[in-house]
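A short reminder: the numbers here are calculations on the coordinates, not readings from a lab. For clarity, every value in this text was computed on a predicted model and none was experimentally measured. In this analysis, Cβ positions are derived from the backbone assuming ideal geometry, glycine residues included, and neighbour counts consider all displayed protein chains.
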Amino acid sequence: MIDIKVPTVGESINEVTLIKWLKKDGDYVERDEVLAELESEKATFEVNAEKAGVLKTVGKEGDTLNIGDLLAQIDETAKKDGAGAPAASEIPSAPAQTEQPAAAAPAAAAPAKATGKGIIDLKVPTIGESITEVTLVKWVKKEGDLVSRDEVIAEFESEKATFELNAEESGKLSLKANEGETLKIGDIIATIDSDVAVGETPSAAPAPAAAKAASPAPAAAPVTSIPNDVKASPVAAAIIADRKVDPKSITASGAQGKIMKDDVLSALSNPGRTPGKALFGREERREKMSNLRKTVSRRLVEAKNTTAMLTTFNEVDMSRIMELRTKFKDKFKEAHGTNLGFMSFFTKAVCFALQEWPSVNAYIDGESIVFHDYCDISIAVSAPKGLVVPVIRNAESLSMAEIEKEVVKLAGKARDNKLSMEEMQGGTFTITNGGVFGSLLSTPIINIPQSAILGMHKIQERPMAINGQVVIKPMMYVALSYDHRIIDGRESVSFLVKVKELLETPELLLFGKDPVKTLLEL
């Protein structure tokens, strides 16, 4: 008899709730088959059978269980009646498929088509312990396409990240799920007929069409600077290019969706209108929330409800940083191949301040406080699918150039929905920059289980009183939201003042006696 216990699902999680049994008491289960769904304070996850056998349930649906509690038992000595019958009944299907290649023998393609693996099921893969479902965002390949092994065929979105699914073998693709559909881990989403190889016949058919499509392209390019897939009359195209109008904001009235001159003029005279919508319209539309958006929503509410969150503010004179960037940005890029942005200054300043005020870099775990001797800085990025927070590991050990390169890499992956689970997990402190969208002041929400988050804002010239005189300075408001259960007022204010001092004297971030030389060396 094998004991199935509640698994460890996170450092700070002590108990879970048994939501549902997917198998009943007395059922015969296969190894790795999903038995039950459990829910922790952070996520829902599944428990799988460790061995094949007869299931004996112990926990009841709705029970709150501690980590390590007995959930069920499996009698591995029990045998499944008629286990081999289903497999045997499917064997005759193989000869039926061999008749089609035989009929095609005159084309001499039969030897290349036989791979010996038949129909292969493509299932939603396991992508994380706490993830139970994903959304099929997009089919990269179409029904009936011939795909090669390891070729990307679909894009999925989980509650934490977007990922791709590759073909396990070469063959003909048959789709079993629709775009936008929510699927469970292990669901079949497509099949590949590996007895149909990627041969000459399918690839040869599109060749004439491709040749035809290639010929008009050179002629179309010089007509206008608008995208090639936008149809517009010459006058309309000239106005679009001259006034830099977004073609998507124009309702086309010409034949076959062609944009005419009057269409462009109408869009210019009504810049706030949605294309195709009547004035004073009252239409509504409903869209299903993505898994990522649902997770962001849940975590933000959880942060508000479970932390004693407070925000303190200060303002930073950005003059010195802006002078350094203007003076040395060309040399910096020449030396390191990346731009010198604001984020490296803020990240460096935060790392120094975190090491001076370690409680800001800690978090609460039950009745303990966990401190970190390293600074894994999370950078909040607005991606097409929602807010993501990739992590710069050991930022305290990185140079200015290394930080800038890491920021560019992570931000690029976020925009392309290519961030991996590892790149978004962890983090001891978060920096968010609402200033890029024009925000002058805000109170950012803590990224739990972290205890603090720094908000950057828009740089705005304001009159400041300096030595009895009014001077115009480029100022930025900064906000520190923190969990008052672990961080006292003195620590939070002192931390923010330290960040302010370092930013207003950026030479301190560079260590060297010669800041110019040190900046280039870093």
- Amide H neighbours of I4 under 5 Å, at least 5 residues apart or on other chains, H built in the peptide plane: list them. L71, A72, Q73, I74
- Extension gain (nm, one decimal) between K123 and K331, 0.36 nm per residue minus Cα-Cα: 69.8 nm
- Item | Separation in nanometres of the label points that stand 7 Å from Cα toward Cβ, at D63 and E315 | 6.1 nm
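Hey, which of these cross-link pairs are over 29 Å Cα-Cα: K244/K458; K348/K418; K327/K473; K331/K418; K51/K123; K24/K184?
Details: K244/K458 26 Å; K348/K418 26 Å; K327/K473 18 Å; K331/K418 31 Å; K51/K123 21 Å; K24/K184 19 Å.
In this structure, K331/K418 exceed 29 Å between Cα atoms.
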- Got a sec to turn the phi values of region 492-508 into Karplus ³J(HN,Hα) couplings, 6.51 cos²θ - 1.76 cosθ + 1.60 with θ = phi - 60°, whole Hz, x for Gly and Pro? 5, 5, 5, 4, 5, 5, 4, 4, 4, 4, 5, 6, 7, 10, x, 4, 5
- The simple spin-label model distance between F352 and I2, using points 7 Å out along Cα→Cβ, in nm, is 5.6 nm
- Note on the structure: Diffusion coefficient in µm²/s returned for region 372-454 by Stokes-Einstein, Kirkwood Rh over C-alpha pairs, 37 °C and 0.692 mPa s, is 248 µm²/s
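Rounded to whole Å and sorted largest first, what semi-axes of the equivalent ellipsoid does the C-alpha gyration tensor of region 2-75 yield via the square root of 5 times each eigenvalue? Show your work: numbers first, answer last.
On the way: eigenvalues 83, 26, 22 Å².
The equivalent ellipsoid of region 2-75 has semi-axes of 20, 11, 10 Å.
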- Note on the structure: Zone reached by a paramagnetic label modelled 7 Å from R462 Cα along Cα→Cβ, restricted to region 298-334 with backbone N below 20 Å, covers 311-323
- Highest average packing first - 365-371, 262-268, 399-405, Cβ atoms within 10 Å: 399-405, 262-268, 365-371
- Task: Starting from the Cα-Cα distance between D488 and M322, subtract it from 0.36 nm times their residue separation and give me the gain in nm to one decimal.
- Result: 56.5 nm
- Item | Extension gain, R282 back to R31 (0.36 nm per residue minus Cα-Cα distance, nm) | 84.9 nm
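Convex hull volume of the Cα atoms in region 307-521, per residue, in Å³? Before the final figure, lay out each step's value.
Numbers: hull volume 28.4 nm³, N = 215.
Spread over its residues, the Cα hull of region 307-521 gives 132 Å³ apiece.
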